[in-house]
Amino acid sequence: MNIREILQRIKWDKDASDVTKNRTVKRIQSMANAIEAQFPEVRYCNQIKLKHVTYIKEAWFDNEGLAVTTMADYTRAMRLMVRALGKERDWFSRLDLNQCQQRGGRPVSSRVTKTKSRNRARNTRRK
C-alpha cells in the first residue's frame, strides 16, 4: 500500500534522528501492508477504516508475536498514522490510544499537519 499521503502530513522535529524516522515509517508501512493483505479491497491509505486499525491492534499484534516494547513502538506509530489520517477525534477513544498526561512517556518528535485545508484555502484565493 502506498502511504505517501500519510507521510506527507507527518512533520519531524529537527532533533528527531534518522533512525527514529525510518523505524516509524517502516512500522506504518508494515501495518498498512498487513491491512492490505487481510482486506484486499483496501488499496489506498484513505480507504482505511476503524475496523482495519482495530484488526491491527487486536489480531495482528498477537499473531506476529511481538514483544511488549515492540508493541508499544507500533502503538506509537499507529497513533501517528491515525492522526495523519485525520481520524484521531473519533478513533482514539475506541482504539484506546489516548495517552494519560500524568503518566508521562517518551517525548514526541513528530507532529501532523493539516495540509489539505490550507491548500484548498490558497487555491480559492488565487482564482
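The values are calculated or read from the model by the stated rules, or taken from the named source; none is laboratory data. Since the model is a prediction, treat every value here as computed from it, not as a measurement. Cβ sites come from the backbone with ideal geometry, for glycine too, and all protein chains shown count toward neighbours.
Arg89 fulfils the conditions (1) surrounded by 10 or more Cβ atoms within 10 Å (Cβ to Cβ); (2) farther than 17 Å from Thr24 by Cα; (3) at pLDDT 75 or above except for a single criterion, (1).
Looking only at residues that are among the aliphatic types (A, V, I, L, M) and crowded, with 18+ Cβ neighbours inside 10 Å in region 59-86, which one is nearest to Thr20 (Cα to Cα)? Here the answer is Ala77. If you go through region 37-60 and pick out every residue that is over 15 Å from the mean Cα position of the chain (by Cα) and part of a helix (DSSP H, G or I), you end up with 5. Checked against the criterion of being at pLDDT 90 or above, touching a Phe, Trp or Tyr at 6+ places or on another chain (Cβ under 9 Å) and within 22 Å of Lys11 (Cα to Cα), the candidates Tyr74, Tyr55 yield just one match: Tyr74. Residues being assigned to a helix (DSSP H, G or I) and of a type outside the set (S, T, N, Q): count how many of those fall in region 5-25. The total comes to 9. Within region 1-31, the only residue that satisfies the criterion of being in contact with a Ser or Thr (Cβ under 7 Å, 6 or more places away or on another chain) and closer than 14 Å to Ile48 by Cβ is Arg9.
Would you confirm whether any residue within region 85-94 is of a type in the set (A, V, I, L, M) and out of contact with any Asp or Glu (no Cβ under 9 Å at 6 or more places or on another chain)? Within region 85-94 (the criterion being of a type in the set (A, V, I, L, M) and out of contact with any Asp or Glu (no Cβ under 9 Å at 6 or more places or on another chain)), the answer is no, since none of the residues qualifies. Among the residues of region 1-58, the ones that are surrounded by fewer than 17 Cβ atoms within 10 Å (Cβ to Cβ), out of contact with any helix residue (DSSP H, G or I) (no Cβ under 8 Å at 6 or more places or on another chain), among the charged types (D, E, K, R) and over 15 Å from Leu85 (Cα atoms) come to 7 in all.
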